[in-house]
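Nothing in this text is a laboratory measurement; each read-out follows from the coordinates by a stated rule. Please read all numbers here as calculations on a predicted model, not as lab measurements. A quick note on method: Cβ atoms are made from the backbone with ideal geometry, for glycine too, and the neighbour counts reach across all protein chains shown.
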Amino acid sequence: MKTLLLLLLVILVSPAWGTTLTAGDKIYLQLPGESAFDDPFTIDDQGQIRLPEIGLITIAGLTPREAEQQIRQRLRTVYRNLDEFRLSIMEQMLRVQVLGYVTDPGMVSLKPGSNIQMAIAAAGGARPGAQLDKFKLLRNEQSQEFNYKAYLDSGDPSQLPTLKGGDTIFVPASPLLGNIEVDFDAASLREGGDADEEQGITIFGELRNPGTFSYKSGMTVVDALMRADGVTRYADVTKIRVITDNVPYQFDLKAYLDTGKSTQMPPIKPGTTIFAPIEVEDINTTSRTVYVMGEVKAPGAYESSPGTGFVDVLANAGGPTRFADTTLIKLLRSEGAPVSINLVTYTQNPASYTLPVIEPGDVIFIPEKIDFNEKSWLKVTADRAIKIIGAVNNPGRFEWNDSMGLLDVLAHAGGPKQQANLSNIRLLREQHGSSDNVIYFDLESFINEGGSFTQLPTLKAGDTIIIDELPHDPTDNKSSWIRQSADDSIYVFGQVGAPGRYAFNRELGFLDILSAADGPTGDADLRQIRISHRDSNQSQVTKLNLSLYFETGDESLLPKVVPGDVIYLPKVQGDWLDKPAERVVRLMGSVNKPGRYTFNSQMNILDLLAEAGGPTDEAYIERIMIVNTSCCGDKAQTFNLRDYVIDPASYPLPLLRPGDTVYVPNESDSIGEQWRQGLRDVLGLFTLIALGAAL
């Protein structure tokens, strides 16, 4: 019954086949007998629907007929009978995105034929303070601006662009609101100005209500000041500045009020700027003034005379405060570079340190001493700071001095952590015009082997020292391998307990690396280990027989492994590519473990049979066949294992070489067994004949 009602509804509302499907449309897929298709499907914002057992399929932008053909093609992979499959449109919707200064921005669903006002209403309406005359419609990366206020004033729908599915409407906020989100207040907004800078008059300074206000014909400077609610008691009414058409004027309001002469008023028009300055005492400067600023008892302007020295001026300003950094005093001059003064060095040895001569117009600046407990790291400028990050106890940004070295900075940061990778310390240096700005240093070798301190890298202000952390255990390697450099890592694959990417230095050997990966598993072929060396321009692979090392203890068998290498432990009887045909012997027939076995000149056929678990109970060991492969053709020979066991001296072992094939037949293949089987068949036939004659 439910399906029948849906079909009737589809027949009533389904549009023509030329309609294009859009996001938000509801469609009905008729597939009798499949309950999963009883309910309609809604096209999501990505233009897709999710079909049972099929998954997502994109149909937005297609006509219903095109969509039906595409869905039918996908359904053929799962459903057989699609003769009655049909696609019908139940309901079409417009999916429009409304953003900006609206109450509830986001996607809205509208009926076909809806306009922009309906879309904005569905988003909760425009918020108070929205700029109604500069709405935007975004469609296919094209932007169209329209006047929504003109539509509200006239009710003319032609003022609004037509909506389509996928459109975006953006509602901007009025620039009069400023850059801070506050509750809308029409009175406050009006007091802050009611026009833009091009069409209004901008009034600021010592006024009760500065802002940008609309211009009215015949307006004067006094009218504009009254529009801003007048000047404050701190305003200098004798020096009001007015700029009209980029021409500056100075207006004396006090003189105008005293005389009443309007001819003294400067012209104003839309775009005029008016500034009411604060009334201050003029600084009386002379040709002998010296300025002292910063951390001194009494900063200010001081008169100098010929022969006045730096210490005289500093003492006249009350001397440095206890917060002053007297090692970085700056002397600024109108011409030339700033002069650095280290007063501490001067007080230690005045005879060897010359203070600069003070000239009129000079500026002496005493900076504040750095407090490293304070988080404001900007107090240490880049030209006197150095950074250390990574596995140190106190990473951070420190003040730099040319007398410091790498070990000084490392000690200042609390020293390295226990898991620090000192073998690959990186030094980042900003070098203009060069991309090679990374310096590597092996501090671990320097500490262990010693050397001259001149081998330590020279640091400069602005450098960054990075110390990586070694993984704590093999499992931690997997969780932190992203932090490891490929040049500092060794890759372990194959039959090991914990394959992965490990951080190692050059002091660790092959067995250390294999142990960190939890060692080889029981399936590992220890005779066929491969090590790929990647630290050279040419590819190089080393083969390792670890079983031979365990038998002999010969350390020379172990290869030298360095960061960047790859270790692979294959599986026993694994892929044939691990065992080329020219290095194996094929064993087939009645043995416990037939297969391909690695063979060398020190082995014989008994070693091969023992490796395969020996012949089975049904094996015909009197006629073991061996096929030898050579350049001149294959040759076959037989071997009687039973006679060899009884009398080894009389029966030499056959020659077996890599590439040969050994076949152990079954007893059923022996001549005696075949003769006995034939005799039993003949006796059975005579018995049947005799039984038939008796019957």
Inset, instruction - Quick one: of Lys297/Lys460; Lys26/Lys149; Lys369/Lys460; Lys26/Lys134; Lys111/Lys134; Lys330/Lys387, which pairs are farther than 28 Å apart, Cα to Cα? - result: Lys297/Lys460; Lys26/Lys149; Lys26/Lys134
Legend entry - Mean Cβ count within 10 Å, highest first, over the residues of peptides 243-256, 111-124: 111-124, 243-256
Inset, instruction - Would you be so kind as to identify which of Asn115, Gln92, Val78 lies farthest towards the positive end of the dipole of region 54-152, taking Lys and Arg as +1 and Asp and Glu as -1 on Cβ and the Cα centre as origin? - result: Val78
Inset, instruction - Based on the mean of other Cβ atoms within 10 Å per residue, sort peptides 229-239, 347-357, 85-95 so the most packed one is first. - result: 85-95, 229-239, 347-357
Inset, instruction - Compute the FRET efficiency between Val247 and Val562 as 1/(1 + (r/R0)^6), taking r as their Cβ-Cβ distance and R0 = 60 Å, and round to the nearest 0.05. - result: 0.20
Inset, instruction - Answer with one residue from Val313, Pro338, Thr326: the one whose Cα lies farthest towards the positive end of the charge dipole of region 289-366, charges on Cβ with Lys, Arg +1 and Asp, Glu -1. - result: Thr326
